[in-house]
Every structure is written in structure tokens, then in C-alpha cells.
1. Taking the stretch A:245-263, which residues are loosely packed, with under 14 Cβ neighbours inside 10 Å and under 17 Å from A:T215 (Cα atoms)?
2. Within the stretch A:221-246, how many residues turn out to be more than 20 Å from A:L22 (Cβ to Cβ), among the hydrophobic types (A, V, I, L, M, F, W, C) and in contact (Cβ under 8 Å) with a residue 60 or more places away in the chain?
3. In the stretch A:165-179, which residues are surrounded by fewer than 22 Cβ atoms within 10 Å (Cβ to Cβ) and out of contact with any helix residue (DSSP H, G or I) (no Cβ under 6 Å at 6 or more places or on another chain)?
4. For the stretch A:144-163, which residues satisfy the criterion of being in a loop (DSSP other than H, G, I, E, B), within 14 Å of chain B (Cβ to nearest Cβ) and crowded, with 16+ Cβ neighbours inside 10 Å?
5. Does A:R70 count as surrounded by 15 or more Cβ atoms within 10 Å (Cβ to Cβ) and not small (G, A, S)?
6. So which residues in the stretch A:99-125 are within 9 Å of chain B (Cβ to nearest Cβ) and among the charged types (D, E, K, R), if there are any at all?
7. Would you point out the residue of the stretch B:171-193, among those that are more than 7 Å from chain A (Cβ to nearest Cβ) and among the basic types (K, R), that is nearest to the chain's Cα centre (by Cα)?
8. For the stretch B:138-161, does any single residue satisfy the condition of being within 14 Å of chain A (Cβ to nearest Cβ) and under 30 Å from A:I170 (Cβ atoms)?
Amino acid sequence: MNRAGSAEEARSLPSKVSVRNLNFYYGGQQALFDNNIDIPEKRVTAIIGPSGCGKSTHIRVYNRIYELYRTHRAEGQVVIDGKNILLPSVDLIDLRKRVGMIFQRPTPFPMTIFDNIAYGLKLHYRVGRTELSDRVEDALKRGALWDEVKDKLGEPANALSGGQQQRLCIARAIATEPELILMDEPCSAIDPVATAKIEDLIQTLRDNYTVVLVTHNMQQAARVSDFTAFFYKGYIIEFGATKQIFTNPAERETEDYITGRFG
Amino acid sequence: MRLRSRTQRKVADRAARVVMVPAALAGIAVLAWILWEVISRGAGALNLDFFTQLPTPPGMEGGGLANAILGTLLMTVLATVIGTPVGLMAGIYLAEFGTTSRLATAVRFTTNLLMGTPSIIVGIFVYALIVLRTGHFSGWAGGVALAILMLPVVLRTTEDMLNLVPDELRESALALGAPRWRATLTVVFRAAKTGLVTGILLAVARVSGETAPLLFTALNSFYWPETISEPTANLTVTIFNYAMSPYADWQQKAWGASLLITVGILIVTVLSRFTLRDRKSRTWSR
């Protein structure tokens, strides 16, 4: 199942996101220090590291969702498809259509299952009713949820189980046809069986999407990702092919972390 | 180190209960007493005429308070129509957009002051603002006074209810590419909907029993409120006038009106409890 890339592959692949000298501040407190990373296109990149090391903070820059809070501030360059998305001229709605996000806890909207998926679609596309239901069905299929919900599309999404809710959120994000999908510890609030389903889903996503997966679960990173970045205290300590990071890390901190000496 | 005495703890526990349970019961007892008095004295006044007829002059039997019932309803609706949108929008501003800005802090502070302002002062304020300018008492003025009293209640509950909506839900909507206003109206607002309805119902319940602000604005009337540009009959000022009168028939009608208002407020409050319970079982759960 694991098609973990090699270090050479990492260098040869086109990158979807190129981060240069990214610094991030929560008010006066700096949380990220000079982050540099190239996220390979159509691969799964895992971000691991102990709590509070800046994993989530880092990916929350990619869709500029941090701007919801007025004290949060990012400096540096985040180039997605050749464009620095930190420039004020960037259209946030367009950016967020291209960069989807999944959160720690499932966030179904207080509406029906159908309307949850249709929500993002209607934001970005003018669609007729039949095309809308086709698109919803397609998204739910790609979210590996269709079989479980096809007979209750009109029911409130809150009635689904936690794992189903999270797959609904993934389907909702996929529906708007993003190119990059950010996942912020998507399985941390979900039981092991549901987690396995989501991991399978992530595997299928890499054919069409670039996935960045923040996880505190190292086995998960090893299972689903091609590349892994290790974060520590706001610095990117090491980035490389997952197999190499887990079997032969170059840095001392990485080794200590994956062998369980801290974190 | 010695173990603390278990008996001593048990005695202290008992003593605390002996003090607190009667205190809790006292609260219920007062309410029950009021209800009992209002029902036993007011129920006799309630008949078909009470709801359908105009008041009769003192000394003449019969008649009712239909005009006052209608007037109270009209002014409460007017207050809701004015006070609710303003309160909702201001609450949205505080919770979603202003948050810690200077304007938001100032609004929050003044809202607290307004919430604590005695209603009679609001009445006098509207008297000076509208009644003196227009030259006569009117239902409009009464509605505006009640709206001012509703405003802080609606505003605060709106802010509180929106704050209960987890940030992740906002972020999810924004992360899909929703503009802020759309995320607020279609996702955040919907998640808080039942809580918002509860807040409005409680605000309605609160103002529908107000007397002092109406005394200076709508005053009262013995006639149908044909337009609300004239002094408008209402239940609370009627209670005030009738209860102070020397006529037994009027006094009994005052009891009847008291019963009607009490039951009305009780119904609205219970209704709001129901929507709140509904909310716990249905909306966004963590």
C-alpha cells in the first residue's frame, strides 16, 4: 500500500507549494521560524512533530484561514502554482476554492447531507438541479460515503457518526474541485475503524490531489504518506521521503521523536 | 498527619443542606403564592366580554378590556419589529466582526448600562424624544420605548449564542471559499438559530409586562386603538389605573388583566425553554 517516495523523487517532482522563509506570529509571539519546504504535486505529504510545534499553524497559512483572527500574521512567501498567495492582491475566495481544508473535529454544517455538499458547489458554480445532484453524488462517491448515505440525503448531517461526518467534510471539500487538500489531524476525534476508512480514502485522493496531512500519529504518517516533514518548535527540522525519515533520519531530533524519546 | 473526622464532614454537609434547601424552596414558594393569588382573584374576571368588549364607565357592570389586549399586542409586535433586527445585527457585529475592537468594547459596555437602566427612565426618555415633539401620547412612542428595552436583551443573547458556535464551523465555511457575510448568515446563524429565537422570546416576555415606560408614552385609552398615533390602551397601565381605583368591578378586572399577562409571559417563557431543549438535541454537537 505504501508507495513512499525516494529522496531523488522528492527533488525531481514538480512542487505544488513552495514555502520560502515563512515566519508566523500570534500577536507578539513567533510560532514559525524560517520555514522552507517544497510540497510535491499529487503526493501525500505528512507533517509530524510534538504538540505545539507549529504543524497546524504551518498549513493554516496555505489557505490564509488564519486571517480570521486579527492578531495572527504571516511573513515570507508561500508560492502555490507560481503565485505568492501571501500577497494582499490574492483573491481569497479563489484561493480557498483551490485549497480545501479538513479540520480536527468534523464540522458538518447544520443542514442536510445533500446541502452540505451542495454548499461549496453553489458558492463557486452556477449549476442546474440535475447537474447539482450529479455532482453531489460524485463527491460523495469520491468521499467513500455514497453507499452509506444515498438513501438519506435529506437527513441532517449531524445525525451521521463522527467518522461519517469527517468523510462528509472531505467530500464537501472535494466537491469544489480543489487541487490541494489540507488535513489538520483529521482522525484525532475518530475511532480506529473510521480512521482506517479515512486513511484508505487519502490513498485514493493522491491520484488527483496534492494532500498535506498534519498528524500526531506517526504510524499514520508512515502508512499513508509519500513524504514527511518533521517540525519542532516552529522549525522544519527535516523533510524527505517517508521511508527515509522513519528508517534513517538525518537529524538527531527526528530520530529522538520517532523513536519515542520525546513528544 | 491525622485523618479528618468523617462525622464532622457529614454534620457539615447536613447543616449546609438544612440551610440551602429552604432558601431554594422560598423562591418557588413566592412564585407559587403570586400565581395562586392572581388565579384565584383574576379567574372570575375572565369571560367572553373581557376579551371582546370595551371598558365600561365606573359603576356600570360588564364590559371588557379587549382594546387593552389589542393595544398591548400591537405595541409588543411593534417593539419586536424594531428591536429585534437592530439587536440581531448589533449582536452579529459584536460576535463576528467587532470582537475586541474599540467600538465593540464600547457597544458592549453601553449595552450593559442599558440593560441595567430602570425602565421608567427609558419611558421618560422616549417621552422627551417623541411625546413632547409630537405633542401627544401614542402607541408609536410606547412601541419605541419597549424596543429600547428589548434591544440589549436581544443583542446580548445574540452575541452569546454566536460565541457558542465553534470557530471550526466558521473556518470550514470560509475554507470552502464562502465570503464572510455568507458564512455568517448560512452557517453560523443557522447553527445558533434556536438560541437566537429563545433570546427574542425572552426579550418579548420581558417587555410585555412593562408598565412604567408605557405610562409616559402610550398612556392609556378607553377606546379601540384605531391608529397607534394616539394614546393606546394597554394591559399594564390598565392594571395600574384599575387597581388604584375605588371601584370593585375595576379592581377585579385588574386582577383578570394580571392573570392574563402572567399566563402570557409564562407561555412565552415555556415556549423558549422548549426551543432551547430542542437545540441541545439537534444542533451542532461536538
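1. Passing the criteria: A:T259, A:G260, A:F262.
2. Step one: list which residues in the stretch A:221-246 are more than 20 Å from A:L22 (Cβ to Cβ), which gives A:221-226, A:241-246.
Now drop any that are not among the hydrophobic types (A, V, I, L, M, F, W, C), which leaves A:221-222, A:224, A:241, A:245-246.
Within this subset, residues satisfying the condition of being in contact (Cβ under 8 Å) with a residue 60 or more places away in the chain are A:221-222, A:224, A:241.
Going through the stretch A:221-246 one residue at a time, the tally reaches 4.
3. A:E177
4. First, the residues of the stretch A:144-163 that are in a loop (DSSP other than H, G, I, E, B): A:144-145, A:150-155, A:160-161.
If we keep only those that are within 14 Å of chain B (Cβ to nearest Cβ) too, we end up with A:155, A:160-161.
Listed by number, the list holds a single entry, A:L160.
5. Here the answer is no, as A:R70 does not meet what is asked.
6. A:R105
7. Going through the qualifying residues, I end up with B:K193.
8. Residues of the stretch B:138-161 that are within 14 Å of chain A (Cβ to nearest Cβ), as a first pass: B:161.
Among the residues that remain, those that are also under 30 Å from A:I170 (Cβ atoms) are: B:161.
Yes; the residues of the stretch B:138-161 include at least one that is within 14 Å of chain A (Cβ to nearest Cβ) and under 30 Å from A:I170 (Cβ atoms).
The values are calculated or read from the model by the stated rules, or taken from the named source; none is laboratory data. Please read all numbers here as calculations on a predicted model, not as lab measurements. So basically every Cβ, Gly included, is an ideal-geometry build from the backbone, and we count neighbours across all protein chains shown.
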